[in-house]
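In what follows, a single structure is set out as structure tokens and then discussed.
The values are calculated or read from the model by the stated rules, or taken from the named source; none is laboratory data. Quick caveat, the model's predicted, so the values are computed rather than measured. Neighbour counts are summed over all protein chains in view; Cβ atoms, including those assigned to glycine, are modelled from backbone coordinates with ideal geometry. We work out accessible area using only protein heavy atoms, side chains counted, and drop any ligands, DNA or RNA first. Shrake-Rupley method; radii C 1.70, N 1.55, O 1.52, S 1.80 Å.
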Amino acid sequence: SLTRGRALLYPALSKMVQEGGLPPAGLLEEAGRHFTLAVRLDPECEEAKGEVDSLQKLLSDLPQDPAPASAAGKEPSGAAAAVDVIIVGAGAAGVGCALMLTKTFGLDASRVLLIERGEGVGDTFRRWPAEMRFISPSFNNQGWTNSFDLNSVAHGSSPAYSLHAQHPSGGQYADYLDALASSAKLNVRTLTEVISVKAEGGKGGPPRFRVGVRSQPGSSEHAARRPARAGETLTARYVVWAAGEFQYPREGGGAIAGAELCRHNSRVRSFASLPGDDFVVIGGYESGADAAVNLAKAGKQATVLASTATWDVHSAD
């Protein structure tokens, strides 16, 4: 962070001395954020604290540019106030990333926006098959990870402790994520789909992205609270893609021949309610094994096709 702040600030200061004029305000703000983060990460770093003090003095000594006429009024229609980070997806990766940025690195929670196209935090987990469970067990006293729970996304939290479940269901895990987001007062916007991401900003200056979004229709309850509307453009310094892959099955031309005859795992609501009693499961890893076991529990025949007998692999792990 210290190096990045200097890389932004020093060339701008050299140009100011040689050519006159003021460095862009956004660039100075960005350098200041990096210096502040460096101090937060290492409170004993005298270099970082010196850069913060020097930049604050510089900002106090610089004359203030009058705001341009175009900026004096409201932002253009369809644009929203800039945030520091937009995180696409409010699932495990998105909530975990937002908690790290706000709790560990100290960003203001109102400046970190999670965008979720579902109706709530962890929506994808709520669409798991009813019988599906986490294969990795949750223990709140396992000592080989810093988080003490293999399925935790934040220090000090444990699905095992919160849910009293060793192998949580999708719905249970969504409850865990929603509780974390609520307790941390994360800024979450639901029923919103990202349709475009475009990079802006000058070379060597602070990053800036324009994120095009549109509202999604929800259930009658959610639709009444947030009606669908035309597209908007949000702006942010950084964008984190945390949308996962469960909801993007390869069912089109890029999949194997005959894929249209199959039912992707993400389309199954319950293995017990599937019509038929004889199934072929393609893939023998977690999802494939879970499907085969739950089909068998429902009294159905299941044949697993896998390139490797993953259930019979012996290793140090």
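Would you work out the charge dipole size for segment 98-138 about its Cα centre, treating the Cβ of every Lys and Arg as +1 and the Cβ of every Asp and Glu as -1, and quote it to the nearest 20 debye?
Roughly 80 debye, rounded to the nearest 20.
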- Message: At 1.306 mPa s and 10 °C, plugging the Kirkwood radius over alpha-carbon pairs of segment 13-58 into Stokes-Einstein gives what diffusion coefficient in µm²/s?
- Response: 140
- For Thr104, Thr192, give the ranking by accessible area with the largest first, probe 1.4 Å. Thr104, Thr192
- Message: Treating only the Cα positions of segment 151-204 as identical point scatterers, give the base-10 log of I(q)/I(0) from the Debye formula at each q in 0.16, 0.18, 0.28, 0.29 Å⁻¹.
- Response: -0.64, -0.71, -1.13, -1.17
- Message: I'd like the Karplus ³J(HN,Hα) series for segment 46-57: coefficients 6.51, -1.76, 1.60, θ = phi - 60°, whole numbers in Hz, and an x wherever there's a Gly or Pro.
- Response: 5, 4, 5, 5, x, 5, 4, 4, 5, 5, 4, 5
- Expected field for Thr233, accessible surface area in Å² at 1.4 Å probe radius, rounded to 10, holds 40
- Going from most exposed to least, what order do Asp123, Asp178 have by accessible area with a 1.4 Å probe? Asp178, Asp123
- Distant-in-sequence amide H partners of Val240 (H built 1.01 Å from N, under 5 Å): Ile86, Ile87, Val88
- Note on the structure: Residues meeting the amide H criterion for Ala302 (H placed from the backbone, H to H distance under 5 Å, 5 or more places apart or on another chain) are Phe279
